[in-house]
């Protein structure tokens, strides 16, 4: 047998794959992995099909179809008062995760430290480790998952290279506020620390709150990679299409990696999306659409034994069960599938140390009928 070396010896199959497979085996209602169970807009499908029929089937430019990059720059600049150049500061990527991987690969080397906020999307830490970097986790806790920036400051060293932020936050639904932004500006001022801002749920923010994008603040924008996802925006997670924004000097390095990673992204989808997003209602109406689903799911889940945690953004709702069970979250999550036919995600999977606050995450980006059937089963718990 050939002897091999693993760059990620402690890493196994992601919890999303594990829970979705288990849900399929038991024919459970899948509220675990974050994808809709309803169709996307037929108009968008037609526009992509039209692009294929019109011959847009060969390689796109490495940075992305110009019309789509121009539309993104116009959208972001209009919403956030920024000035991104579509030619040099916008790159289309094969989804948000590829953009995250590419930004980290462009800048993180052996010994560099990266601060992340846990619970965290599970691609951050493995990518940092694979690149030889050191993960410096700051653990957030329920119910509000607020950031104590004085504690974060203690994680800073001479080797701190990057901070990864995610707002609206997966899995907790928390969002950054003005105090968070003020603290972040203060902590990074007069440093060379980079920011990787995962904003894939940027338009899924509720109760009239404003998304605090790094694009809004010149002091943060100059050091930030901003990652976004059309999968979340268009209810088409399987298309794996997203984008990254960054100042020209940072984007130059990003594109060096991007060109040897995926080179370019699906051409007809880019053309179709560019035409579809000419109507701003596509993204401006998303908050209302998903807030209705959030409110419905919260009203339904309140009839179960679970206690709701706050949800200010994303399409995930976290609940706690510590008041009626002392089971590990991984145990109860599997039991909900096998005994009750509903799949969730144990939030301990989002911590490097598998910190267990006895919290589960449910995805409410589902049809009303799906949510009602799922909660009907959960009420039997």
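The values are calculated or read from the model by the stated rules, or taken from the named source; none is laboratory data. Everything quoted here is computed from the prediction, not taken from an experiment. Glycine also receives a Cβ, built like all others from the backbone with ideal geometry; neighbour counts cover every protein chain displayed.
Set side by side, the residues 260, 254, 225 differ, and just one is in contact with a helix residue (DSSP H, G or I) (Cβ under 7 Å, 6 or more places away or on another chain) and assigned to a helix (DSSP H, G or I), which is 254.
Just checking, which of 297, 225, 316, 306 is outside the structural domain of residue 370 (by TED's automatic domain parsing) and either surrounded by fewer than 24 Cβ atoms within 10 Å (Cβ to Cβ) or in contact with a strand residue (DSSP E or B) (Cβ under 8 Å, 6 or more places away or on another chain) (or both)?
Every option except 225 fails the conditions.
Filtering the range 1-38 to residues that are buried (at least 18 other Cβ atoms within 10 Å of the Cβ), assigned to a loop (DSSP other than H, G, I, E, B) and more than 18 Å from the chain's Cα centre (by Cα) leaves only 28. Kindly indicate whether residue 8 is modelled with pLDDT of 95 or more and touching a helix residue (DSSP H, G or I) at 6+ places or on another chain (Cβ under 6 Å). No.
Can you spot a residue in the range 140-159 that is part of a strand (DSSP E or B), touching a strand residue (DSSP E or B) at 6+ places or on another chain (Cβ under 9 Å) and over 27 Å from residue 283 (Cβ atoms)? No, that holds for no residue.
No other residue among 86, 137, 142, 119 is at pLDDT 95 or above and within 24 Å of residue 245 (Cα to Cα) apart from 86.
Reported count of residues in the range 188-222, each being free of Cβ contacts under 8 Å to residues at least 60 places away in the same chain, touching a helix residue (DSSP H, G or I) at 6+ places or on another chain (Cβ under 6 Å) and either part of a helix (DSSP H, G or I) or not assigned by TED's automatic domain parsing to the domain that holds residue 135 (or both), is 3. One residue alone among 101, 117 is in a strand (DSSP E or B), within 15 Å of the chain's Cα centre (by Cα) and in the same structural domain as residue 231 (by TED's automatic domain parsing), and that residue is 117.
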